[in-house]
Amino acid sequence: MPANLTPQYYEAEEAYKKATTIEEKIRALQEMLAVIPKHKGTDKLQGDIKKKISKLKKEVEQNSKGKKTGFDPFNIEKQGAGQVFVLGYPNCGKSAFVGALTNAKTNVQDFPFSTSQPVVGMIPFEEIYIQLIDTPPITEEGIPGNFSNALRHCDLILALVDLSSDSCVEQLQGIIDNLRKRNLLVEKKSPKTFTLEEIIFIGTKSDHPQAYDNLQIIYDLIPNCPEILPISLYSEELKNFPKILYEKLDVVRIYTKAPGKKPDFERPYVLKKGSTVMDLALEIHKDIAANLKSARVWGSAKFPGQNVEHSYILADKDIVELLT
């Protein structure tokens, strides 16, 4: 049964995607639950919303009790097309970078250590959002243990280096050394780790007069130096960055349609690249997967509306009609 969601529901859902605090998320979810049509086709969606509300309320309780309950500020629920953590040393421009890309209220100051807790924002890219998290700076002690654990479960790491700073070489080498020390950076890919090629390295403040000279010094002095993307808050590269981020996440957007209906282009499902028709069915609902008879695909198929196998690998922006 189709969900037939209302404009009021989509408006509340949009507010949830843009929310930056737990309280704002709870209010938006409660509104989604209040306006969602109540029928069998929305049972799973209603259940998912209730679970999210319950989890967020528990976070509020833990936060109010503080360290006595072992609250971990880095235990952040994944949202959107992917979860991305931003790393860097004090005053490298992390907070300004995150604030420029998202609606997050980051604490941008001229003095170091102005960010003491993670700050979550959402980057809009076409019809989806990507979760971007500003973090406390790396210190002489390195990366805290609970922070390291969060990095193991995120989808992507952004490492920022200040190209206006004379210590830019030490910053990049320090990030690499700290990630290796925590066994987060490895030579060969394994679960819950990253290789140099999988991390996006960004050179901030690229509009500084010494920025490109410092970038060349980094390349000259660091063996096997990873590629660094120079960006300033006012550059064209910043405007194009959401697309770069999306492509690096290695995911695909899949639009669905009911028989005889138009595709839903506002709410694509986001799946890992290489996902199949059956993976999509499982993402929507286990009952759909269990009863799936056939599927039709527009986009990557040989011809529009081609009937495909359950094992058919979907491509970005495919339109899929599942028949049960």
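The values are calculated or read from the model by the stated rules, or taken from the named source; none is laboratory data. Because the structure is predicted, anything quoted here is derived from the model rather than measured. Reconstructed Cβ throughout: ideal geometry from the backbone, glycine too, with neighbour counts over all protein chains shown.
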Quick count over segment 140-168, residues being surrounded by fewer than 17 Cβ atoms within 10 Å (Cβ to Cβ) and either at pLDDT below 80 or touching a helix residue (DSSP H, G or I) at 6+ places or on another chain (Cβ under 7 Å) (or both), is 6
Only one of 276, 324, 256 is in contact with a helix residue (DSSP H, G or I) (Cβ under 8 Å, 6 or more places away or on another chain), among the β-branched types (Val, Ile, Thr) and free of Cβ contacts under 8 Å to residues at least 60 places away in the same chain, namely 324
Considering only helices (runs of 4 or more DSSP H) wholly within segment 214-291, the ones with at least 2 residues that are in the same structural domain as residue 122 (by TED's automatic domain parsing) and crowded, with 16+ Cβ neighbours inside 10 Å are 236-249
Per the filter on segment 200-231, residues within 21 Å of the chain's Cα centre (by Cα) and polar (S, T, N, Q) are 204
When restricted to 179, 196, the only residue closer than 20 Å to residue 93 by Cα and touching a strand residue (DSSP E or B) at 6+ places or on another chain (Cβ under 9 Å) is 179
Only one of (1) touching a residue at least 40 places away in the same chain (Cβ under 8 Å); (2) among the charged types (D, E, K, R); (3) over 30 Å from residue 46 (Cα atoms) does not apply to residue 266, and that is (3)
